[in-house]
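These notes concern the structure reproduced below.
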Amino acid sequence: QQMLIALLREIQQECGGALSKEMLERIAEAYGIKTAILHALIRRVPGLRCEDVPHRLEICGTCRAGGKLRDYIERTYSVKSGSSNKEKGFSYPVVPCMKNCKNGPSVRWDGQIHGNMSESMIRKLIEG
């Protein structure tokens with residue numbers, strides 16, 4: 001599994017920062033595995049992403065302070081957990097505890113945890 005993750009990271013870097021559907025199909029065929037396994041790895045490994053959206057915004061689903069922030073993201077960017085906003089270029093899963101409670105609410109943007117988040121900070125991450 002670690003070798004497969006390393007391979008995916010290397011290919012992603014060579015392909016401009018995202019893994020295409022065609023590339024995932026070629027990898028799956030070459031290694032005799034299902035593409036669903038590759039997609040499961042991509043969802044679980046920070047920094048790996050498919051080409052449909054270039055960024056991943058994860059928000060802690062257990063943080064008490066995060067409820068209003070989750071509502072803001074879902075309302076402002078028309079997303080629900082597990083979906084993506086192609087216009088703004090990010091996927092949006094609500095994830096289990098990030099173990100950053102003292103700095104909550106927390107989000108993980110492209111694998112990097114950010115604490116003490118506010119609506120304006122979310123806007124800055126998403127809109128640049």
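For this structure, a couple of remarks:
To keep it simple, each residue is scored yes or no on (1) more than 18 Å from SER84 (Cβ to Cβ); (2) in contact with a His (Cβ under 9 Å, 6 or more places away or on another chain).
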| site | (1), (2) |
| --- | --- |
| ALA6 | yes, no |
| GLU22 | yes, no |
| GLU25 | yes, no |
| PRO46 | no, no |
| ARG49 | no, yes |
| PRO54 | no, no |
| GLU58 | no, no |
| GLY61 | no, no |
| ALA65 | yes, no |
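- The condition of being over 14 Å from the mean Cα position of the chain (by Cα) and of a type in the set (A, V, I, L, M) does not hold for ILE113.
- Candidates are the residues of the stretch 73-82 that are buried (at least 16 other Cβ atoms within 10 Å of the Cβ) and not aliphatic (A, V, I, L, M); the one that is farthest from GLU58 (Cα to Cα) is TYR77.
- Pairs where the first residue, in the stretch 1-29, is free of Cβ contacts under 8 Å to residues at least 12 places away in the same chain and the second is open to solvent by less than 30 Å² (accessible area, probe 1.4 Å), C-beta under 8 Å, 6+ apart: ALA28/LEU38
- The stretch 18-65, residues that are hydroxyl-bearing (Ser, Thr, Tyr) and over 30 Å from GLY128 (Cβ atoms): TYR31, THR35
- Answer residue from the stretch 97-120, given it is farther than 21 Å from ARG43 by Cβ and outside any loop (DSSP other than H, G, I, E, B) and is least open to solvent (accessible area, probe 1.4 Å) among those: ASN103
- Among the residues of the stretch 39-96, those that are assigned to a loop (DSSP other than H, G, I, E, B) and among the polar types (S, T, N, Q) comprise THR62, SER78, SER81.
- Among the residues making up the stretch 19-31, those that are closer than 14 Å to LEU4 by Cβ and either open to solvent by less than 70 Å² (accessible area, probe 1.4 Å) or in a strand (DSSP E or B) (or both) are LEU19, MET23, LEU24, ILE27, ALA28.
- Scanning the stretch 34-64 for residues that are touching a strand residue (DSSP E or B) at 6+ places or on another chain (Cβ under 7 Å), of a type in the set (D, E, K, R) and at pLDDT 90 or above turns up just one, GLU58.
The values are calculated or read from the model by the stated rules, or taken from the named source; none is laboratory data. Just so we're clear, the structure is a prediction, and the values are computed from it rather than from any experiment. Cβ: placed from backbone, ideal geometry, glycine included. Neighbour counts: every protein chain shown. These area figures cover heavy atoms from the full protein model, side chains too; ligands, DNA and RNA do not enter into them. Shrake-Rupley method; radii C 1.70, N 1.55, O 1.52, S 1.80 Å.
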